[in-house]
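What follows is a single structure, written as structure tokens, with notes after it.
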Amino acid sequence: MTDDRDVTAQLNARGDVAVVVPAAGAGVRLGPGAPKALRLLEGEPLLVHAIRRTAAAPSVRMIVVAAPPAEVEAVHDLLSPVAPVTVVAGGAERQDSVAAALAVVPDDVGIVLVHDAARCLAPAELFERVAAAVRDGADAVIPALPVVDTIKEVAADGTVLGTVDRSVLRAVQTPQGFRAGTLRAAHAAAADSHTDDAGAVEKLGRPVLCVPGSDFALKITRPIDLALATHLLKLSE
Ligand SMILES: Nc1ccn([C@@H]2O[C@H](COP(=O)(O)OP(=O)(O)OP(=O)(O)O)[C@@H](O)[C@H]2O)c(=O)n1
Ligand SMILES: C[C@](O)(CO)[C@H](O)COP(=O)(O)O
């Protein structure tokens, strides 16, 4: 089956969380090759690593993957031995892919997490931490880490304009968690593009809460990140 729109692929019937996994990106910054989610880390596609960890989180009832449109059937076949998943065709931008996956999440699922396939080593505990904060009453929850470098504001010609107070900055990861209605409203209202889903919730004027992120939730973006992830994978085993 190429597209389980009846969403029968349930993982844990007692879970209260659906995880939407945007995995349709090309991976331009990683260099030429297959779509990023299908590139290999120690012999397995990034998406397989990501789904294995997602499925290990006890709260997760279902997983919806947004795959490159030409790879929907192949991704379904790839992931079926790993976990029950629903696979839909992703869109041109990340937010289009999230919207396509969100559209098949049933209305009776109260909490939705959005998780980049590119953050393929995010541990199950991180999913649980984010979901628990939503369950405790937050509308929108993001895992975040303190910024460790000094941050400068710089003009186009390279001239430094100033130093930013890094104590108030955070580097934001996924999975990001939402009350399902809040995420649907944010996507419906999103007039312009946003780089993360919490950004769309912020534009609604709703509060977004940070919880501690994880070094293992590194986003594989550049070739050096694959090398780092190879090492992190060994540490996580
Ligand atoms: N049209 C898109 C673009 C991105 N993504 C997904 O969104 C996540 C975060 O995107 P990023 O890491 O920026 O991936 P790419 O867009 O593939 O990277 P690049 O910009 O280097 O092409 C990834 O899991 C990616 O597959 C997606 O589902 N659909
Ligand atoms: C969602 C995200 O991973 C949070 O850090 C990030 O915004 C994705 O950004 P990208 O430009 O699509 O890599």
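Looking for something within 15 Å of the chain's Cα centre (by Cα), among the aliphatic types (A, V, I, L, M) and more than 14 Å from ligand 1 (Cβ to nearest atom) - is there at least one such residue anywhere in the stretch 93-112? Yes; the residues of the stretch 93-112 include at least one that is within 15 Å of the chain's Cα centre (by Cα), among the aliphatic types (A, V, I, L, M) and more than 14 Å from ligand 1 (Cβ to nearest atom). Inspection of the stretch 126-142 finds no residue satisfying the criterion of being within 13 Å of ligand 1 (Cβ to nearest atom) and in contact with a strand residue (DSSP E or B) (Cβ under 9 Å, 6 or more places away or on another chain). Each residue in the stretch 204-237 was checked for being more than 15 Å from the chain's Cα centre (by Cα), among the hydrophobic types (A, V, I, L, M, F, W, C) and over 16 Å from LYS36 (Cβ atoms), and 8 of them qualify. If the condition is being more than 14 Å from the chain's Cα centre (by Cα) and assigned to a strand (DSSP E or B), then the stretch 61-73 contributes ARG61, MET62. In this structure, VAL64 does not satisfy being closer than 23 Å to VAL109 by Cα, within 11 Å of ligand 1 (Cβ to nearest atom), of a type in the set (Val, Ile, Thr) and crowded, with 23+ Cβ neighbours inside 10 Å. Scanning the stretch 198-235 for residues that are more than 16 Å from ligand 1 (Cβ to nearest atom) and in a loop (DSSP other than H, G, I, E, B) yields a count of 6. Hey, LYS219 hits all of (1) charged (D, E, K, R); (2) more than 16 Å from ligand 2 (Cβ to nearest atom); (3) closer than 24 Å to ALA101 by Cα but one; which does it fall short on? If we test LYS219 against (1) charged (D, E, K, R); (2) more than 16 Å from ligand 2 (Cβ to nearest atom); (3) closer than 24 Å to ALA101 by Cα, just (2) comes out false. Screening ASP192 against (1) surrounded by 11 or more Cβ atoms within 10 Å (Cβ to Cβ); (2) part of a loop (DSSP other than H, G, I, E, B) leaves a single unmet condition, (1). Listed by first and then second residue, the pairs linking a residue in the stretch 213-236 that is under 15 Å from PRO123 (Cα atoms) to a residue that is β-branched (Val, Ile, Thr), with Cβ atoms under 9 Å apart and 6 or more places separating them unless they lie on different chains, are GLY213/ILE142; GLY213/VAL172; ALA217/THR174; LYS219/THR174; ALA229/ILE220. Report whether or not ARG53 is in contact with a Ser or Thr (Cβ under 6 Å, 6 or more places away or on another chain), within 20 Å of ALA227 (Cα to Cα) and either modelled with pLDDT of 95 or more or in a helix (DSSP H, G or I) (or both). For ARG53, the condition - in contact with a Ser or Thr (Cβ under 6 Å, 6 or more places away or on another chain), within 20 Å of ALA227 (Cα to Cα) and either modelled with pLDDT of 95 or more or in a helix (DSSP H, G or I) (or both) - is not met.
The values are calculated or read from the model by the stated rules, or taken from the named source; none is laboratory data. This is a predicted model, so every value here is computed, not measured. All Cβ positions, even for glycine, are placed from backbone atoms using ideal geometry, and neighbour counts span all protein chains on display.
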